[in-house]
Structures are given as structure tokens and as C-alpha cells.
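*Asks:* One structure coming up, written as C-alpha cells, with questions to follow.
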Amino acid sequence: MEKTVQLYEGKAKKVFATPDETKVIVSYKDDATAFDGTKRGTIVGKGVVNNKMSNYLMQILEKEGVPTHYVEELNDRETVVKKVEIVPLEVIIRNISAGSFAKRFGVEEGIVFKTPTIEFSYKNDELHDPLMNEYHALALELATKEEIETIKAMAFKVNEVLKAYFLKLGVKLVDFKLEFGRLPDGAIVLADEISPDTCRFWDAETNEKLDKDRFRRDLGNVEDAYKEMMRRVFGD
Ligand code: UDP
């Protein structure tokens with residue numbers, strides 16, 4: 001399948017139309033942004049890592065019964081996915097305190113939760129993605145009650161599958177962000193990406209950060225962290 005016109009360019013990806021109007025091609029860039037787009041940079045090779053890792057994880061999730069937008073990897077940076085209408089919610093699951101959770105509630109990073117948490121943000125750049133609860137999402141008709149229930153169940157299922165998967169690779173899945181989409185028939189599928197851009201990964205032995213926090217916090221060895229996560233998933 002080939003790209004036709006560019007439909008959209010985001011911070012980390014471009015999306016192209018294809019001759020099949022039910023499919024689009026996503027192209028992953030090396031561009032990185034943080035803090036609401038105020039910090040910008042390049043992480044060499046990131047697009048390849050995110051494309052390949054996300055595709056691999058989506059295939060694992062499909063096998064475990066989680067429907068996704070994944071169709072076919074075309075090359076290192078490009079993938080065919082089902083065209084969806086994105087539900088404008090960022091769905092965040094947390095297993096261990098970090099990032100905005102630690103800041104908001106005034107606790108240290110690294111507290112292991114007995115029960116994972118879920119939260120929603122309204123995907124809206126002008127409003128800077130405000131935190132919202134499911135009643136707010138319902139009130140604004142961002143999703144139906146049924147869709148929200150489906151999204152919550154799918155997000156916790158993704159967490160159980162990926163937490164176990166990464167632990168076998170010596171990696172703690174601290175937290176992550178998911179996005180969901182609607183197919184033309186109304187079915188909800190997992191969309192967007194699952195990668196070191198959208199997850200916090202800590203080495204299980206040393207708690208070394210192996211994700212975008214190395215870029216956000218200027219910790220150095222950013223490319224190495226992405227490469228290391230690639231190595232854990234795909235081997236040498
Ligand atoms: N996250 C993301 N995109 C966002 C915000 C968060 O992918 O726009 C991911 C982030 O990588 C982390 C998780 O969601 O794995 C929780 O992020 P948090 O709310 O702690 O925000 P941050 O500290 O990254 O600003």
C-alpha cells in the first residue's frame with residue numbers, strides 16, 4: 001500500500017491517506033517534544049524504535065484479545081493502520097508513582113500501588129490537555145457511557161498484559177498513556193502508539209530510566225535508552 005496525500009502532521013508522527021479509505025499510513029519521526037511542546041529536540045532513531053515496538057506490542061495485545069488499529073508494518077518508520085476517529089481522551093494508567101502524579105499529590109516517585117490507577121485528560125492542545133473525570137467526558141459528549149466502560153476495561157487489560165510482558169524483560173512498567181479510536185461500525189480499538197515516548201520504563205534491578213524522561217529531564221544517554229528498550233524487546 002502507498003501513501004497518497006498527507007492528512008496530518010503531529011509532534012512525533014505524520015499521517016497519510018492511502019488508496020483504501022479505511023486505512024491510513026503512519027510515519028514516525030525522530031522529533032521529540034515535552035512540557036506542552038515548549039521543549040523540542042531530536043532523538044536519533046526514535047521513530048524506528050517507536051514504530052517497531054508499538055507494532056510488536058499491538059500484535060501481542062491482539063493475541064490477548066485487545067482489538068487495535070494495527071494492520072501492517074511497511075518499513076522501519078511506516079505502518080498501515082485502520083483509520084479511526086480518535087476519542088479525544090488521553091487515558092493514563094499508573095502502577096508506580098512518577099511524573100505528574102508525584103507532583104500533584106506531593107509524593108516521591110517509586111511508590112508501588114496495590115491497585116493501578118486510571119485517569120483521563122481531555123486531548124485539547126489549546127487547553128493544555130486538562131485532567132478530567134469520566135463524568136466530565138460524558139457531559140462534553142467526548143464518549144458515551146458504554147464507550148468509557150469499554151475503554152477502562154481495555155486499558156486495565158493492556159496494563160496486565162504489558163506489565164507481565166515487560167517484567168520478563170527486566171523492565172518495570174511504571175505508567176503509560178493510551179488513546180482509543182472508533183471504527184466506522186462504532187467499535188472501539190486501541191490506537192496511537194505504545195513506546196518509550198508514551199510509557200515510563202524503569203530497569204527492574206537498578207530503576208534506571210529507559211524512556212522519554214531522559215529527554216524531558218536532560219538525563220543524557222537518551223538515544224541509548226531507546227536502543228536498550230529495543231534490545232530488550234527484540235534482542236541483539
Ligand atoms: N504521557 C504521554 N503523553 C502526554 C502526557 C503523558 O504519553 O501528553 C505519558 C508519559 O510518558 C507517562 C504517562 O503518560 O508515561 C504519565 O505521564 P504524567 O501524567 O506523569 O505526565 P508527565 O510527567 O509526563 O508530564
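*Asks:* Go through (1) away from the ligand (no atom under 14 Å from the Cβ); (2) among the basic types (K, R); (3) within 28 Å of L167 (Cβ to Cβ); (4) surrounded by fewer than 17 Cβ atoms within 10 Å (Cβ to Cβ) one by one and return the number of the condition R40 breaks.
*Replies:* For R40, the exception is condition (3).
*Asks:* So which of V66, V71 is closer than 28 Å to G186 by Cβ and in a strand (DSSP E or B)?
*Replies:* V71
*Asks:* Within the stretch 219-229, count every residue that is out of contact with any strand residue (DSSP E or B) (no Cβ under 9 Å at 6 or more places or on another chain) and farther than 15 Å from L173 by Cα. So that I can check it myself, show each step before the final result.
*Replies:* Of all residues in the stretch 219-229, those out of contact with any strand residue (DSSP E or B) (no Cβ under 9 Å at 6 or more places or on another chain) come to 220-221, 223-224, 226-227.
Then keep just the ones that are farther than 15 Å from L173 by Cα; that gives 220-221, 223-224, 227.
Looking only at that region, the number is 5.
*Asks:* Can you tell me which residue is farthest from E147 (Cα to Cα) among those in the stretch 200-236 that are in contact with an Asp or Glu (Cβ under 6 Å, 6 or more places away or on another chain) and not in a loop (DSSP other than H, G, I, E, B)?
*Replies:* The residue in question is F201.
*Asks:* Could you tell me whether the stretch 139-159 includes any residue that is at pLDDT 95 or above, in contact with a strand residue (DSSP E or B) (Cβ under 6 Å, 6 or more places away or on another chain) and among the aromatic types (F, W, Y)?
*Replies:* Checked the stretch 139-159: no residue is at pLDDT 95 or above, in contact with a strand residue (DSSP E or B) (Cβ under 6 Å, 6 or more places away or on another chain) and among the aromatic types (F, W, Y).
*Asks:* Right, something else. Considering the stretch 162-196 alone, what residues qualify as being basic (K, R), closer than 16 Å to V91 by Cβ and away from the ligand (no atom under 16 Å from the Cβ)?
*Replies:* R182
*Asks:* Does V158 satisfy being assigned to a helix (DSSP H, G or I), within 14 Å of the ligand (Cβ to nearest atom), within 17 Å of L190 (Cβ to Cβ) and aliphatic (A, V, I, L, M)?
*Replies:* Here the answer is yes, as V158 does meet what is asked.
*Asks:* Let me ask another. Enumerate the pairs (first residue in the stretch 163-179 and closer than 17 Å to S54 by Cα; second residue anywhere and aliphatic (A, V, I, L, M) and assigned to a helix (DSSP H, G or I)) with beta-carbon separation below 6 Å, excluding pairs fewer than 6 apart on the same chain, so at least 6 apart or on different chains.
*Replies:* Pairs found: L173/L162; L178/A155.
*Asks:* Name the residues in the stretch 197-210 that are within 14 Å of the ligand (Cβ to nearest atom) and either touching a Cys at 6+ places or on another chain (Cβ under 6 Å) or in contact (Cβ under 8 Å) with a residue 40 or more places away in the chain (or both), would you? Show your work before the answer.
*Replies:* Restricting attention to the stretch 197-210, the residues satisfying the condition of being within 14 Å of the ligand (Cβ to nearest atom) are 197-202, 209-210.
Within the stretch 197-210, D197, R200, W202 meet the criteria.
*Asks:* Considering only the stretch 83-115, state which residues are in a strand (DSSP E or B), of a type outside the set (S, T, N, Q) and either buried (at least 18 other Cβ atoms within 10 Å of the Cβ) or within 12 Å of the ligand (Cβ to nearest atom) (or both).
*Replies:* First pass over the stretch 83-115, keeping only residues in a strand (DSSP E or B): 85-86, 89-96, 112-115.
Imposing the further condition that a residue be of a type outside the set (S, T, N, Q) reduces the set to 85-86, 89-94, 96, 112-114.
Residues satisfying the conditions are L89, E90, V91, I92, I93, R94, I96.
*Asks:* Among the numbered criteria (1) within 14 Å of the ligand (Cβ to nearest atom); (2) among the polar types (S, T, N, Q); (3) farther than 26 Å from K39 by Cβ, which one does T144 miss?
*Replies:* (1)
*Asks:* Of all residues in the stretch 6-28 being assigned to a strand (DSSP E or B) and touching an Asp or Glu at 6+ places or on another chain (Cβ under 8 Å), which is surrounded by the fewest Cβ atoms within 10 Å (Cβ to Cβ)?
*Replies:* The selected residue is V15.
The values are calculated or read from the model by the stated rules, or taken from the named source; none is laboratory data. Keep in mind that this is a model prediction, so the values were computed, not measured. Virtual Cβ from ideal backbone geometry, glycine too; neighbours counted across all protein chains shown.
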